[in-house]
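*Asks:* Can you read through this structure? Questions will come right after.
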Amino acid sequence: MTTVLVDVRFAGTFTSAKEYTPATGEVGAVRRLTGDEVIRPGHGLLLDGDGQGVAVAVEPPGRGLAVEVRLVPQGETAERVLLLVTGQEPVEVTEGVTVSGGDVVVSGLAGVLSRIRVVAFDGRFDRSTLNGGRAHRATPAAGPAEPGWRVPIGNGDDVVARAALVRPTERQLAWQALERTAFLHFGVNTFTGLEWGYGDEDPDAFQPEDLDTDQWARELKAAGFTLAILTVKHHDGFVLYPSALTRHCVASSSWRGGKGDVLREFADSMRAHGLKVGVYISPADEHEPTYANGSPRTPRRIGDLTLPSTDYGAYMLGQLHEVLTGYGPIDEVWFDGSQGRIPAGHVEEYDFDSWYALIRRLAPEAAIANCGPDVRWVGNESGLAREDEWNVVPVTVERERVNVARYDAPDLGGRDFLARAEGDFLQWWPAEVDVSIRPGWFYHAEQEPKSADELMTIYNESVGRGAVLLLNVPPDRRGRLADADVAVLREWSARIDRDFARDLAEGAARTADGDGVVLDLGGPARIQRIVLAEDLRHGQLVESLLVEAEEAAGWRRIAACGTVGAKRVITLPAPVEAARFRVRVLRSRAPFHLKAVRLFA
């Protein structure tokens, strides 16, 4: 038996001199040793070797410990894996990694620390222990693969050929078409100034003096958003609707005489303005007494279903049932894998399988994000997708929680990665890029929003790389979107509308030309932006292509890219004038299907 005690990829943030706020999917409480260590978003923690490092608390489990540390040494480009094993003769002993006084300590190293993973295990250690006890591709896949959403892989498989067979579900296709979605972090943290509350906050601290969810919806709709997700419950456990399951909710605040219901107003306003409705219900809960109480999974009755869960898992089932039956159609349910501030030995093993089963029963069209089967976290909170963002990635599935080996890997689906990838399945798992318009996720008066220029970069490097953008715009203490944030959203939206106002290829004569298409505009036109898209019903297949312009001397290359996927935006360094343009696919995994080639000034 193995238990993951720590799994940190340094995709979160340091919120004080030493305290770390985990990102989606991370487990463990990391402390900086000097307070000067700096996270490099998308890569890891920069260490200079001079006393810098981190410590992770690990309650002695009375079992063996396997500690895996991944580091790109200073001056090198290849990642090294450092391994320390306790509880038996060490398999490897490495400098810079120790277990001392209940801490795993990494220090004295120079480079970029990308991951720390600590696993408790019984019996003898082998490398598969760090992968939950499963060896990588231990058996061949059973028979030829058929097109589907999740395809098994095994030894001897042509993994690239199998990847070409993976197709999205209708639910995923609808979600990927959303492009711009909004996150609204709002709750008791808005009034305490914290990013991660402790669960002991007085509910009466929640006092939005001028809550205006219609203003949220108006401004989001005007900025081109298609869906908004509200933090119905964050890690502090405070709930934004009057729940029958806890007093730690708006009903215990004097706001509106205890009759307020933020979720009701949010859902009504979003639908009235034509936006879809999403909810974030944090699995971590610093307030709920059943959280990590050690209870076993037993059958629990919820509605007409009987589902296995712990005591806390049953509490979450109840909250999901309240939200999904009491507030109209829900279009996205957003989870993360964060754990609360609890000793490592008391980690709550989340009942994702039961939660997902209930969601599928009550909200069958809702996309389940991040730890769920429909949507993948991109791997950073900086607003950037990979240059080549693949929808088809190798995954493992435990208790219906879907995982990749490393969320922040620079490649998750290219040929080289697939050849050595860890995973039991290839799955259509498109990326969601979450980032906040401000430094924090909750509103803090002293912080300023990103500029419209920064948001344009985020748009081009998220939506423009085939991902869906989830931009957090936190309401302020009034209960309104802050004036400075609204001004930036309006400027950003106007920039997008201007840059993509008129498709110069609309009405152009299109001619198939080998592995591509020629567009004849009927006369010279100056273009600087190219938008491409694949028909994802046939899979994501294009691996590389060229865009060319015809000149007197023949065809001249003006741009190139790798993947296309749902959308690819290419911005040329300078405008190009021509009457004929050609898109030529150089490599694809199977016959490709381009559904859009658009040209903009």
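Values quoted throughout were computed directly from the atomic coordinates according to the rules given, and no laboratory measurement underlies them. Here the structure is a predicted model, which means the values were calculated and not measured. Cβ coordinates were reconstructed from backbone atoms using ideal geometry, including for glycine residues, and neighbour counts include every protein chain displayed.
*Asks:* Counting only helical runs of four or more DSSP H residues, what would the 222 nm mean residue ellipticity of the chain come to if each run contributes -39,500 (n - 2.57) and the total is spread over all its residues? Could you put the intermediate results ahead of the total?
*Replies:* On the way: 10 runs with 96 residues, N = 601.
Only helices count here, giving -4500 deg cm²/dmol.
*Asks:* Can you give the relative contact order of the chain as a percent, counting alpha carbon pairs under 8 Å and 6+ residues apart?
*Replies:* Details: 1441 pairs, mean separation 77.3, N = 601.
Value for the chain: 13 percent.
*Asks:* Scan the stretch 408-513 for chymotrypsin sites (Phe, Trp or Tyr not before Pro) in coil per DSSP, keeping those whose Cβ has at most 14 other Cβ atoms within 10 Å, and list them by number. If you can, show how the numbers build up before the last one.
*Replies:* Values: sites: PHE417, PHE425, TRP428, TRP441, PHE442, TYR443, TYR459, TRP492, PHE500; in loops: TRP441, PHE442, TYR443, PHE500.
Taking the stretch 408-513 and a limit of 14 other Cβ atoms within 10 Å, the loop chymotrypsin sites (Phe, Trp or Tyr not before Pro) found are PHE500.
*Asks:* For the stretch 413-541, what is the relative contact order in percent, using Cα pairs closer than 8 Å and at least 6 residues apart in sequence? Please report the intermediate quantities before stating the final value.
*Replies:* Numbers: 98 pairs, mean separation 24.2, N = 129.
So the answer I get is 19 percent.
*Asks:* Same structure, new question: Please give the contour-minus-distance gain from ARG537 to ALA553: 0.36 nm per residue of separation, less the Cα-Cα distance, rounded to one decimal in nm. Numbers along the way, then the final one.
*Replies:* Numbers: separation 16, 0.36 × 16 = 5.76 nm, distance 3.84 nm.
Net length gain for the segment: 1.9 nm.
*Asks:* Compute, for the chain, the length of the dipole vector about the Cα centre, with Cβ point charges of +1 (Lys, Arg) and -1 (Asp, Glu) only. Units Debye, rounded to 20. Working shown, then result.
*Replies:* Values: 66 positive and 87 negative charges, 319 e Å.
Rounded to the nearest 20 debye, it is 1540 debye.
*Asks:* Quote the charge dipole size of the stretch 274-316 about the Cα centre in Debye, to the nearest 20; the model charges only the Cβ of Lys and Arg (+1) and of Asp and Glu (-1).
*Replies:* Values: 4 positive and 5 negative charges, 45 e Å.
Taking the Cα centre of the stretch 274-316 as origin, the dipole is about 220 debye.
*Asks:* What relative contact order, as a whole-number percentage, does the stretch 504-601 give when Cα pairs under 8 Å and 6 or more residues apart are counted? All intermediate terms of the calculation are to be shown ahead of the outcome.
*Replies:* On the way: 237 pairs, mean separation 41.7, N = 98.
Relative contact order of the stretch 504-601: 43 percent.
*Asks:* What nm value, rounded to one decimal, do you get for the distance between GLU491 and ASP515 when each label is placed 7 Å out toward the C-beta?
*Replies:* Spacing of the two 7 Å Cα→Cβ label points: 4.4 nm.
*Asks:* Quick check: residue separation of ASP103 and ALA222 times 0.36 nm, minus the Cα distance between them. What number comes out in nm?
*Replies:* Length difference between fully extended and current span is 37.8 nm.
*Asks:* Next question. Which percentage, to the nearest 5, of the DSSP beta bridges contained in the chain is antiparallel? Could you put the intermediate results ahead of the total?
*Replies:* Numbers: 99 of 129 bridges.
Taking every DSSP beta bridge within the chain, about 75 percent pair in antiparallel fashion.
*Asks:* Report the calculated FRET efficiency for ARG420 and ARG40 (r = Cβ-Cβ distance, R0 = 25 Å), to the nearest 0.05.
*Replies:* On the way: r = 24 Å, r/R0 = 0.98.
It comes out at approximately 0.55.
*Asks:* What FRET efficiency comes out for the pair ASP411/ASP453, r = Cβ-Cβ distance, R0 = 22 Å, nearest 0.05? Present the calculation step by step, with values, prior to reporting the outcome.
*Replies:* Numbers: r = 28 Å, r/R0 = 1.27.
Once rounded, the FRET efficiency stands at 0.20.
*Asks:* Filter the DSSP H helices in the chain by two things, a Kyte-Doolittle mean of at least -1.0 and an axial alpha-carbon span of 20 angstrom or more, and list the hits by number. If you can, show how the numbers build up before the last one.
*Replies:* Details: long enough: 311-326 (23 Å, 0.07); 483-499 (24 Å, -0.62).
The answer, listed by residue number, is 311-326, 483-499.
*Asks:* Still on this structure, please answer the following. In what sequence, highest mean first, do 517-530, 332-345 appear when ranked by Cβ atoms within 10 angstrom? Mind showing how you got there, number by number?
*Replies:* On the way: 517-530: 15.9, 332-345: 20.9.
Packing proxy ranking, top to bottom: 332-345, 517-530.
*Asks:* Which label marks the calculated value of Kirkwood radius over Cα pairs in Å, given the options (1) 29.3; (2) 35.1; (3) 25.5?
*Replies:* (3)
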